[in-house]
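One structure is given here, and the rest of the page talks about it.
Please treat every number below as a calculation from the coordinates, not as lab data. As the structure is a computational prediction, the values presented were derived from the model and not from experiment. So basically every Cβ, Gly included, is an ideal-geometry build from the backbone, and we count neighbours across all protein chains shown.
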Amino acid sequence: MKWAIPQLSKYRQNGMPIDEIVQLDGLMRRNTDIRRITPVHVKGFCTFGAGQMNCHFQLTGTLTLPCSRTWEDVEFPFDIESDEVFSWSDEVNADEYDNVHPVEGEVIDVDPVLEELILLEIPLQVFKEGAENPAPKNKSNWSYLTEDEFLSQKEKDAQKTDPRLAALAKYFDQTDE
């Protein structure tokens, strides 16, 4: 969504309602864990001052993310509400506030702000329902061991003697004569 500042002057009195569907495919370039994103429904309302625009956004949509255990697709719905300020005035210091976005030029580009809001909502781990065990063995060149398998393998490895050290082991077995 992009708006030219001069065209927004017609909304100064009553504000501007927002109800749009936006495709934010740039999210998949910014976070490679995102496999798909549905079109995002953006609802909200914007009011205008002399040098800034205050917006209340509500974003709803669904991300497809990999399950942390199985790498299968997991649908992650989101519903985000946020208040953002877009300022084209030199008087406001955008570094002091998190939700103030400086506008350069005559066009307000809202898409990067919407993408940032969604990126902040992505959890560190997502688990598919019923994903108790990892993916099947020998899939995608990786495998897993249960704790019992790991312990038995560890015992077998401990019993094996490195052939390069076999002569050294015999040296310690000899008794002093």
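Extension gain for ASP73-LEU124 works out to 16.9 nm (0.36 nm per residue, less the C-alpha to C-alpha distance).
Using θ = phi - 60° and the Karplus relation 6.51 cos²θ - 1.76 cosθ + 1.60, list the HN-Hα couplings for region 116-129 in order, rounded to whole Hz, with x at every Gly or Pro. Result, rounded to whole Hz: 5, 4, 5, 4, 5, 8, 6, x, 5, 9, 10, 10, 6, 4. Cβ-to-Cβ counts within 10 Å put TYR171, TYR11 in ascending order as TYR171, TYR11, the fewest first. Packing around the peptides 36-48, 104-116, 18-30, taken as the average count of other Cβ atoms within 10 Å per residue, puts them in this order, highest first: 36-48, 104-116, 18-30. With neighbour counts taken as other beta-carbon atoms within 10 Å, the residues ARG35, ARG69 rank, fewest first, as ARG35, ARG69.
Each Lys or Arg adds one and each Asp or Glu subtracts one; over the other residues with Cβ under 13 Å from the Cβ of PHE48, this totals +2. Using a Förster distance of 35 angstrom, determine the FRET efficiency expected from the C-beta separation of ILE5 and THR38, and round it to 0.05. Taking R0 as 35 Å, the efficiency between ILE5 and THR38 is 0.70.
In terms of Cα atoms, the Rg and Dmax of region 2-121 work out to 16.1, 53 Å. Less than 12 Å Cβ to Cβ from GLU20, Lys/Arg counted +1 and Asp/Glu -1: what total charge do the surrounding residues give? For residues surrounding GLU20, the net value is 0. Scalar couplings 3J(HN,Hα) for region 11-28, obtained by applying the Karplus form with A = 6.51, B = -1.76, C = 1.60 to θ = phi - 60°, are 9, 4, 6, 10, x, 10, x, 10, 8, 9, 9, 10, 9, 10, 5, x, 4, 5 Hz; x denotes Gly and Pro.
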